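Structure, as structure tokens:
The numbers here are math on the coordinates, done by the rules we state, and not lab data. This is a predicted model, so every value here is computed, not measured. Don't worry about glycine lacking a Cβ; one is built from the backbone with ideal geometry, like all the others, and counts go over all protein chains shown.
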Amino acid sequence: MSFWDTVTGNDLSRDWKAFETRAQALPDDYRAAWEQIKGNLFAYGDFSGRNLTPVADTALGLLEESSAEGQSVQEVLGDDIPGFCAALAGGNGAHTYRDRWREQLNTTVARKLARLGG
Amino acid sequence: MGIHDIIEGKRHWRAHVARVKALPPDYRIVYNEMQKYLFKVGPVDLADGNLLAGIVDFFAEGAAAGKSVTQLIGTDVAAFADGLIKDSRTYAELYQESLRAKR
Amino acid sequence: MEDLTEMLKGTLEGCVLEIIGGEETYGYAITRRLNDLGFTDVIDGTVYTILVRLERNGLVQVTKRPSEVGPPRKFYALNDAGRKELATFWAKWEYVSSRIDRLKEGGR
């Protein structure tokens, strides 16, 4: 993967290697999503890797958390991984995506609370 | 550095998860969905773990007072979550700033 | 009165500072105080988000104390920076409310 090549060999490779080790521990569908996320983050072009490291860490952390909870990757990310990455990196469309997360949060909570019968 | 430290690096995380599990079901639902939202938004303050631990404290107190989670924070969970991180910068913002600095 | 949420935005933080400035207190007591004052729409969650921000911005001193019911409670007191912020809030409030009063009375 070109993204990986970009960062390998510089002083950041240790962070990214650690990410890869963590990604290996994920279920298959999650690992595939991680590959896609990396590819999409790379589209943000002008970056050395350093400033994007925490963003990638956030994404990986979310995948780890959600897979541990037994959710499907589809449930967590939906279909729009490029949009998800835009929002993570704060690029164009980040605001609409965050609005969608906001809405998703409220509807999911409402649905699950209703199911509780409360 | 990031979320990873909260999840793996700190022993506290397991204790934290146990405290979440001890909450009543309605609180647990709201906490878990909120945490997922906060992970996505990525406020820098999330990394030290105090924000999340504080929410559990607050929820535990509300539950002990016999309130339901919606009595405590209303139904607009997103507004509550955003209120908590209103003046905390996000990793996305830091990233965008670093791009601007380079131009 | 209901439906004050939009109008209260920006002043609620000052109200919370004022309540804390009166005496060291905790979240639920602050909400109750605001409700008793007639701000019935204010809920615990809103007060909590304000307290989190006050703490993050270094305006309050926080002490955990055991409570008779449930987990320990966080008590809040103003520090010097908080007192300064409170004074600024009241100065701004005086300014805004005096101008609005003048507007209402038809003066300029």
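Across all Cα atoms of region C:5-104, the radius of gyration (one decimal) and Dmax (whole number) stand at 14.4, 50 Å. Taking trypsin sites (Lys or Arg not before Pro) across region B:10-44, the ones in a DSSP loop with at most 14 further Cβ atoms lying within 10 angstrom of their Cβ are B:Lys10, B:Arg11. Amide H of C:Gln61: which non-local residues (sequence gap of 5 or more, or other chain) have their own amide H closer than 5 Å, using H built in the peptide plane? Those qualifying (amide H under 5 Å, at least 5 residues apart or on another chain) are C:Ala77, C:Leu78, C:Asn79. Were the residues from C:Glu105 through C:Glu2 laid out at 0.36 nm apart, the gain over their Cα-Cα distance would be 34.6 nm.
What shape does the protein assembly as shown take by its C-alpha gyration tensor, where a ≥ b ≥ c are the square roots of the eigenvalues and a/c under 1.5 counts as rounded, a/b above b/c as prolate, and the rest as oblate? Verdict is prolate for the protein assembly as shown.
Once you have a ≥ b ≥ c as the square roots of the Cα gyration tensor eigenvalues for region B:3-102, tell me rounded if a/c is under 1.5, and otherwise prolate or oblate according to whether a/b is larger than b/c.
Oblate, because a/c is 1.5 or more while a/b does not exceed b/c.
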